[in-house]
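Take a look at the structure set out below.
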Amino acid sequence: MTILLTGASGFLGSELLCRLLRDYPQEKIHVLLRAASEAEAHQRLHRILELKEVDDARRAQCVPLVGDVVYEDLGLATKYDPIAVEVTEIFHTAANTSFNQKLEDARKVNCQGTVNVATFAERAQQLGGFRRLHHVSTAYVCGNRSGLILEDELECGQDFSNTYEQSKYEAEIYLRAKLTEVPITIYRPSIIVGDSKTGRTQHFYVIYEPMRWFCQGQLSFLPCKPEIRLDIVPVDYVAEAIIAIARRDDSVGKTYHLSAGPQRSLNLRSLVEHCSLVINAYNREHGYQELPAPEIVTPEMIDSFEGEQRDQFRVFFERAWQQMQRHMPYVVSQKDFDDTNTRAALETTGISCPSFSDYLHNVVYYAMSKNFRADEV
């Protein structure tokens, strides 16, 4: 078995790399990395493995490849066929996750990159013993839908909150059309945060953004619908689940929601309260000033105000709400991601998603200890 991994410098990709090295100790792992030279690719891979504290014996399994999924040949040039004949499994995690990028830019990596990886998978199938393409998507290909979202649903006439969601949706449309030609499994994580045990993360986006605003004293009011639950999953659960499901022959052709579900999620009011308590516990331990919890403001509250106060708050709310939607499209409506396939696949593995309240402390403490600044990779 020889594995090709894309997106190893990313948050989830680097976690997957560690677990692939752990669970497949005899296999070669080709790691596709953007770099100007082979020397730079070696340096980038060394940095990724160093940050993950991977030992030298395991590092020897990794083969860095200079390339980029945006190119038709993945940037491999003359190495394309020699690598394709070797590769038996592809884990495709490379993605442009920015919410505010132009659609054409999002499509370069998220759509065309996926097309190029799938084409490589077809070539590997023609030349050797290729077994499967594992594609990491997002649960938010559901766009602006609300209510129960099923794992086998995709095209439901939805609109999208940002170009990331739309481009990942379009990539899935393409892959579904290829299922009769290439063995593919699709994984859809919800909102990924740091490791449940250490809190470690490689980026500080989505829920980390309002958390940072609060810590910096920039968030006194939070415009939101307090009853909405955020479906949050730790990166270690997502990586472990992908590896476990990938081992199953019966997971070919299926889609898996890697989500927390209603019972392990917190609504926004509880999330604000929990975060405020943990942030101030950290502040007390480190001699920093405690901060008042941001006040949740709803449209209904504004309607109860009178005169000039109501008008002022309404303007504030609309502006802040737009800001929140731009950064956190997840708070606009309630989405419950059905994970029937996932629970069935993981039933005998001992792998399950913890409740966010059980590890929120670790996530917040790590973020504050790093001052919300990611390590350079």
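The values are calculated or read from the model by the stated rules, or taken from the named source; none is laboratory data. Quick caveat: nothing in here was measured; it's all calculated off a predicted structure. All Cβ positions, even for glycine, are placed from backbone atoms using ideal geometry, and neighbour counts span all protein chains on display.
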Margin query: Residue pairs, Cβ under 7 Å, 6 or more apart or interchain, first in region 11-32 and in contact (Cβ under 8 Å) with a residue 24 or more places away in the chain, second basic (Lys, Arg) and surrounded by fewer than 22 Cβ atoms within 10 Å (Cβ to Cβ). List them.
Written below: Ser14/Lys52; Cys18/Lys52; Leu21/Arg58
Next item on the list: Given the conditions (1) more than 17 Å from the chain's Cα centre (by Cα); (2) under 13 Å from Phe204 (Cα atoms); (3) not in a helix (DSSP H, G or I), report the number of the one that Ala374 does not fulfil.
Entry: (1)
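Are there any helices (runs of 4 or more DSSP H) wholly within region 1-91 with 1 or more residues that are within 20 Å of the chain's Cα centre (by Cα), and if so which? Spell out how you get there, then give the answer.
Working: elements: 11-23, 38-51, 56-59, 80-84.
Passing ranges, in order: 11-23, 38-51.
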Next item on the list: For residues that are in contact with a Gly (Cβ under 8 Å, 6 or more places away or on another chain), within 19 Å of Gln101 (Cα to Cα) and without any contact (Cβ under 8 Å) to a residue 40 or more places away in the chain, scanning just region 139-174, find the one that is surrounded by the fewest Cβ atoms within 10 Å (Cβ to Cβ).
Entry: Asp159
Check: Is there any pair with a first residue in region 216-244 that is crowded, with 22+ Cβ neighbours inside 10 Å and a second that is part of a helix (DSSP H, G or I) and of a type in the set (Gly, Ala, Ser) whose Cβ atoms are under 6 Å apart and which are 6 or more apart or on different chains, and what are they?
Finding: Pro223/Ala320
Notebook entry, point to check: Just for region 318-355: of the residues that are in a loop (DSSP other than H, G, I, E, B) and at pLDDT below 90, which one is surrounded by the most Cβ atoms within 10 Å (Cβ to Cβ)?
Noted result: Met328
Check: Across region 42-67, which residue is surrounded by the most Cβ atoms within 10 Å (Cβ to Cβ) among those that are of a type outside the set (A, V, I, L, M) and closer than 21 Å to His203 by Cα?
Finding: Arg44
